[in-house]
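K.L.:
Can you read through this structure? Questions will come right after.
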Amino acid sequence: MADTSFDLIVIGAGPGGYVAAIRAAQLGLKTAVVDRAHLGGICLNWGCIPTKALLRSAEIYDHMQHAGAYGLSAEGVGFDLEAVVKRSRGVAGQLSRGVDGLLKKNKVTVIWGEAKLTAPGKISVTAAENGPRGALGGGDYAAKHIIIATGARPRVLPGIEPDGALIWTYFDAMVPKVMPKSLVVMGSGAIGVEFASFYRTMGAEVTLVEVLPQILPVEDEEIAAHARKRFEKQGIRILTGAKVAKVEKGTDSITATIDLGGGKTESITADRLISAVGVVGNIENLGLEALGVKTDRGIVVADGLGRTNVPGIYAIGDVAGPPMLAHKAEHEGVVCVEAIAGGHPHPIDKAKIPGCTYCNPQIASVGLTEAKAKEGGREIRVGRFPFIGNGKAIALGEPEGLVKTIFDAKTGQLLGAHLVGAEVTELIQGFVIAMNLETTEEELIHAVFPHPTLSETMHESVLNAYGRAIHI
């Protein structure tokens, strides 16, 4: 008979769950992970990874259409939508198989099915079909420690429920059978603007609707304004301070009634509508209520080490609350497991978690926005450097962009960094490391940045905060 007793069971094999399971195995804990659908979770299979594959196709397609700007010629440029989607799914499939291999390598037992907590230290699993090779199935299992890593799903607004045909979630938007000629995107967070960017680049007429005054609401106002100008230049129509009040379905189109505020409304007919109004944690049907695990507005309440109010039960990742990011989930998983194993890890500092959005232009940030720093009563110094002053950006044909840094005027502490432009999602880690090392402006100014690189914009932004910028 299969072994059903473990030191640790992780419910959910997304980024947080599978990383937690692997780290636990590395630390000598007998570990199992339960999942009902995908090794790698939503991020790897239906989120972070496949969307980046789609956006890469769109980026290359856009470059091909502007080949003349680089002294090249490309005639009859087009795309095969089925092939674009197939490539994206292939990338996701390759990485999912990679996770399977990593779990086997680290001797983590995979249990394929849907788990429910039945008592402290015990779960019952309802078997699921099509499990990975060698996985266990339904039955009762026990562990001293149980981590909930069940992730999140798209939030649904009453009356605008996705149907997979005319009203899409990001799941549907990743596998279109035909390219819509027009669409409405409801919500301008990372998911909304990434799909708006993809579909606009591929030729669709896009209207982006945001209920708040600015798009990309969590980003610095100046960075969001820069991105908005770029989006509008590309032909994306943006309505802020507006909401989709009603959606009527036609045979092969939708008509959205947009509440513009002040008693004004507008009717927009489009082929499809993408609902991107956030996500909600998967806390249902887990048995949390019976065991008294505290939840709050759709998430499991946990401390900086992943501990819930019930001993032996932990929560990490999206189900444990914002920011709902894969890298946050992974780090939470490692911290939680190291604490379980008797270590003394630092609780996760959410103020130092970077956020990245892979639209065109890319956006990346970490720490406080200028507005939040001022709200906190801090005296600050702000540095800015535009991409137009950077040789590498001009050589790449990407001269539009901005790096913004925020420092405490008294101590020189780096409080925040906000970037918009080419490849800024690859640059932000430099500021993340600086913040974690408690670097001041002095160390950043004295650091030698390689030339010619986009990273020099980071250096110049710091210099600008202290009146020392060279190239502006």
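K.L.:
Do we find that S124 is surrounded by 13 or more Cβ atoms within 10 Å (Cβ to Cβ), at pLDDT below 95 and either assigned by TED's automatic domain parsing to the domain that holds R36 or assigned to a loop (DSSP other than H, G, I, E, B) (or both) in this structure?
P.N.:
No, not satisfied.
K.L.:
Sticking with this one: Report the residue count in the stretch 324-351 for those that are under 25 Å from K372 (Cα atoms) and crowded, with 19+ Cβ neighbours inside 10 Å.
P.N.:
Summing the residues that are under 25 Å from K372 (Cα atoms) and crowded, with 19+ Cβ neighbours inside 10 Å in the stretch 324-351 gives 8.
K.L.:
Follow-up. Anything in the stretch 2-26 that is in a loop (DSSP other than H, G, I, E, B) and at negative phi? List them, or say none.
P.N.:
Correct list: A2, D3, T4, A13, G14.
K.L.:
Given D100, D140, which one is surrounded by fewer than 18 Cβ atoms within 10 Å (Cβ to Cβ), among the acidic types (D, E) and under 20 Å from V33 (Cβ atoms)?
P.N.:
D140
K.L.:
As an exercise: evaluate I236 against (1) closer than 23 Å to G159 by Cβ; (2) not assigned by TED's automatic domain parsing to the domain that holds V125 and give the number of the one condition it does not meet.
P.N.:
In the conditions (1) closer than 23 Å to G159 by Cβ; (2) not assigned by TED's automatic domain parsing to the domain that holds V125, I236 misses (1) alone.
K.L.:
Check off (1) small (G, A, S); (2) assigned by TED's automatic domain parsing to the domain that holds T207; (3) touching a residue at least 24 places away in the same chain (Cβ under 8 Å); (4) surrounded by fewer than 17 Cβ atoms within 10 Å (Cβ to Cβ) for G312 and give me the number that stays unchecked.
P.N.:
(2)
K.L.:
Right, here's the next one. Would you check which residues across the stretch 170-199 are more than 18 Å from S57 (Cβ to Cβ) and of a type in the set (S, T, N, Q) and list them?
P.N.:
Result: S182, S188.
K.L.:
Hey, can you tell me all the residues within the stretch 255-300 that are under 30 Å from I11 (Cα atoms), in a strand (DSSP E or B) and touching a strand residue (DSSP E or B) at 6+ places or on another chain (Cβ under 7 Å)?
P.N.:
Answer for the stretch 255-300, where residues must be under 30 Å from I11 (Cα atoms), in a strand (DSSP E or B) and touching a strand residue (DSSP E or B) at 6+ places or on another chain (Cβ under 7 Å): I274, S275, V279, V280, G281, I299, V300.
K.L.:
When you look at V84, is it within 30 Å of E289 (Cβ to Cβ), of a type outside the set (K, R), under 29 Å from the mean Cα position of the chain (by Cα) and surrounded by 14 or more Cβ atoms within 10 Å (Cβ to Cβ), yes or no?
P.N.:
No; evaluated as a whole, the condition is false for this residue.
K.L.:
Please enumerate the residues belonging to the stretch 151-161 that are crowded, with 19+ Cβ neighbours inside 10 Å and part of a loop (DSSP other than H, G, I, E, B).
P.N.:
Across the stretch 151-161, the qualifying residue is only G151.
K.L.:
Can you confirm whether G317 is touching an Asp or Glu at 6+ places or on another chain (Cβ under 9 Å), modelled with pLDDT of 95 or more, surrounded by 18 or more Cβ atoms within 10 Å (Cβ to Cβ) and not acidic (D, E)?
P.N.:
Yes, satisfied.
K.L.:
Something else now. Conditions: (1) under 28 Å from L44 (Cα atoms); (2) surrounded by 17 or more Cβ atoms within 10 Å (Cβ to Cβ); (3) of a type in the set (A, V, I, L, M); (4) touching an Asp or Glu at 6+ places or on another chain (Cβ under 9 Å). A165 meets all but one. Number of the miss?
P.N.:
The number of the failed condition is (2).
The values are calculated or read from the model by the stated rules, or taken from the named source; none is laboratory data. These figures come from a predicted structure and were not determined experimentally. Using ideal geometry, Cβ is built from the backbone for each residue, glycine included, and neighbour counts are taken over all protein chains shown.
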